[in-house]
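In what follows, a single structure is set out as C-alpha cells and then discussed.
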Amino acid sequence: MRVMRVGAVICALILAGCGDGSIQSPDFTPELQRIEVAPATKTLALGQTQQFVANGIYTTPPGSSTATRAVPLNNVTWSTDPTAKADIDGDGLVTTKAQGRVEVKAVFDGKTSTAILDITAPALVSMTIDPSSKTLPRGAQQSFVARGTYTDSSTPRTITSGVTWTSSADGIGSFSSTTSNPTTFKGEAEGNTVLQASALSSSGSTVTATAPVSVVAAVLNGLLRVEPAIASVAKGNTTQLNAIGQYSDGSEDVINTQVDWTSSDVLIATVENDDPAITTESAGRATGVEQGSATITATIKPGVAYNDAQLGSASAELNVTFSGCNIPLREPAATVSTEQDPLLCLLCNISDENNLIDNDDTNFAEIQVPVGLLFGTASILVNAGQEFDAGTPAGFIIGRPAGQLLNAEVISQLTIETLLNGTPTGDSSSPAGGSTPLGLALLGTTLAGPYESDLALINIPENAVTKPYNGIKLTFDSGIASALADVQVWAACGDAVLPPTPTPTPTPTPTPTPAP
C-alpha cells in the first residue's frame, strides 16, 4: 500500500510539469493556422494615428483546454490600400492622410489578414478667440472669431459651423448672431463681461474658449456736420454755428470748442474760435461783414482723438444778407405766392416772385401798378415755413432804381400784414399818418447785375406785432394818384430790425489864427 501512494505522487508531479495536465506528445510542434489584425475595425479623425497589431493563431498540443492560442507576431509585412489615404510603418502604426475607407493588411508566413479603417473629417481639439480680449467704447462694435486647432494640423483655423456664443453679463452688450462665426459684439453699457465660444468635438465633448471684454464710455467718432448747413446773417450781425460731433454710441453733441473754425472769405464773414478769455462760449460765432457768401469750415483740432478719419471736418454756407434782415425767409422752407385783382388791377404785374425767397441777394421780384389806377392793388405773400413769436418785427427789403427816392410818400402806398396759417392775424401797418406806420431805414445802394438800386428796410414795429405769425404779406396800393409805379422786393424778413441811423461826424470848428 505504501508503494502505491508514492507512485501516485510521482505521477501527479509528472503531469503538473506537462502544462495543463493533459497527456501530450513530447515531439508536438504548434502550427500557424491564420493571423488576425486588431482592431478589426476602427474610425479615426483625419490626422490621428492608430497602432495595429497582428496575432498568430497557433494550434495547441492535444489535450489542451483550447484548440488554439494567439501569439503576437513580429516581422509582419504591413500595407494600406489606398495609400493616398493612410500610411503604415513596419510596426503597424497607421498615419491618416485623407478622408475615406482604408484596408489595413498584414502578411506573415504566407498568411494574410485585413482590418477596415474609416477616416472622418478632422476633429476639433482646442479653441481660441481672436481678439483674446478687448476694451470697447459704448456703442462701438468688434468682430470676434473662434479659431480651432484640429487633429490634422497644429495651426488654428476659423471654425465654420457649430459655434455658439454667450456673454457672462446681461446688458453689457449684444451679439449680431449667437450662432455665426465670426460674430460682432456691440458694447451697450459700461461694465465688464466674458465672451465664450463653444463647439462640440467629434467625440461629443464640448470645446470652449473665452475672451474678457470691458465696455467704457463712448468716444468721438468724428465731426458729422455744421448746423445749420445753410445759414443767413444780416450785415453787421452775428449768428451761431454749431459743430455736431458723433459718438461711438450713435449719440450727437455740440463740439464747438474741439474744432478750429475758419472762413473762406473774411471780407464777407468772420468766425470766432474758442477764447478762454471770454466767459461765454465764442467758438462758432460768425459775423456778417459784407453782403455775399462764405464757407465756414470746422476742423477737429490736432490732439483731439476721434475714430473715423473721414469725419475730420465739415462746412456750412453762410449768406450775409441785407442789414437789419436778421432772418431772411428762404427756400426750401419758405414759399411765395401772389395776389392781384384781375378786374380792378388789369394792368398790374408781379414778376420774378421766386427771386424773393432764393439764396441770391443780387436779384429781386417786382410789383408794377399803373400810375393813377384807381384802387389797383397787387400783393406778394411769403409763407415762412416757421413760426415767429409775438413781438418779432416783420418786414421786407424793397428798392427802386438808383436816384428814385425811397421816402415816406413812397411807402405810404405799401402795407405789411402778418398771417398765421394763411389767415390774417390782424397785425398790419397802416398808411402814413396812421396809428402803425411802417418803419423805414435806408440801406444805401447795391448793384444787381447791370442795375443799381437804392434799398430800404420797411417793417411793422415789434410793439405792433401782437400775435404769432408764420407768413407776411406786402401789398402795393396805387391809390388815386401814385407816386410809385413799381417797387423792387428783394427779401422777406421774419425778424426785421431797423439798423441804427449813423450819427453824423461833426465838422470840427477851425481854430482862428491869431493876428500878427
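Outside any loop (DSSP other than H, G, I, E, B), of a type outside the set (Gly, Ala, Ser) and surrounded by fewer than 18 Cβ atoms within 10 Å (Cβ to Cβ): is that true of Thr270 in this structure?
The answer is no for Thr270.
Of everything in the range 462-494, what is assigned to a loop (DSSP other than H, G, I, E, B) and either at pLDDT 90 or above or in contact with a Pro (Cβ under 6 Å, 6 or more places away or on another chain) (or both)? Give them in sequence order.
Answer for the range 462-494, where residues must be assigned to a loop (DSSP other than H, G, I, E, B) and either at pLDDT 90 or above or in contact with a Pro (Cβ under 6 Å, 6 or more places away or on another chain) (or both): Val465, Thr466, Lys467, Pro468, Gly494.
Pick out, from the range 158-262, the strands (runs of 3 or more DSSP E) lying fully within it that include 2 or more residues that are within 30 Å of Val320 (Cα to Cα).
On the way: elements: 164-167, 173-175, 183-187, 191-200, 206-216, 220-227, 230-234, 238-240, 242-247, 252-254.
Per the criteria, 220-227, 230-234, 238-240, 242-247, 252-254.
Can you name every residue in the range 127-149 that is at pLDDT 95 or above and farther than 20 Å from Val194 by Cβ?
Thr149
Any idea how many residues of the range 110-144 are over 30 Å from Ala86 (Cα atoms), among the small types (Gly, Ala, Ser) and out of contact with any Asp or Glu (no Cβ under 6 Å at 6 or more places or on another chain)? Before you say what the answer is, go through the steps one by one.
Taking the range 110-144 and keeping what is over 30 Å from Ala86 (Cα atoms), we get 129-144.
Now restrict to residues that are among the small types (Gly, Ala, Ser): 132-133, 139-140, 143.
Now drop any that are not out of contact with any Asp or Glu (no Cβ under 6 Å at 6 or more places or on another chain), which leaves 132-133, 140, 143.
Residues in the range 110-144 being over 30 Å from Ala86 (Cα atoms), among the small types (Gly, Ala, Ser) and out of contact with any Asp or Glu (no Cβ under 6 Å at 6 or more places or on another chain): 4 in total.
Show the residue pairs meeting these rules: Cβ distance below 9 Å; 6+ apart or different chains; first residue within the range 215-233 and over 30 Å from Pro332 (Cα atoms); second residue of a type in the set (Val, Ile, Thr) and surrounded by fewer than 20 Cβ atoms within 10 Å (Cβ to Cβ).
Val215/Thr135; Val216/Thr135; Leu220/Val304
Any residue in the range 217-225 that is farther than 26 Å from Thr257 by Cα and either surrounded by 15 or more Cβ atoms within 10 Å (Cβ to Cβ) or of a type in the set (D, E, K, R) (or both)?
Initially, the range 217-225 is screened for residues farther than 26 Å from Thr257 by Cα, giving none.
Within the range 217-225 (the criterion being farther than 26 Å from Thr257 by Cα and either surrounded by 15 or more Cβ atoms within 10 Å (Cβ to Cβ) or of a type in the set (D, E, K, R) (or both)), the answer is no, since none of the residues qualifies.
For Ser153, all conditions in the list (1) in the same structural domain as Ala189 (by the TED database); (2) farther than 30 Å from Thr193 by Cα; (3) modelled with pLDDT of 95 or more hold save one; what is the number of the exception?
Against the list (1) in the same structural domain as Ala189 (by the TED database); (2) farther than 30 Å from Thr193 by Cα; (3) modelled with pLDDT of 95 or more, Ser153 comes up short only on (3).
Which one is surrounded by the fewest Cβ atoms within 10 Å (Cβ to Cβ) among residues in the range 230-253 that are modelled with pLDDT of 95 or more and of a type in the set (A, V, I, L, M)?
Within the range 230-253, the match that is surrounded by the fewest Cβ atoms within 10 Å (Cβ to Cβ) is Ile244.
Look at Pro61 and say whether it is outside any strand (DSSP E or B), more than 30 Å from Val219 (Cβ to Cβ) and touching a residue at least 40 places away in the same chain (Cβ under 8 Å).
Numbers: outside any strand (DSSP E or B): yes; more than 30 Å from Val219 (Cβ to Cβ): yes; touching a residue at least 40 places away in the same chain (Cβ under 8 Å): yes.
Yes: the conditions hold for Pro61.
The values are calculated or read from the model by the stated rules, or taken from the named source; none is laboratory data. Given the structure is predicted, the values throughout are model-derived calculations rather than measurements. A quick note on method: Cβ atoms are made from the backbone with ideal geometry, for glycine too, and the neighbour counts reach across all protein chains shown.
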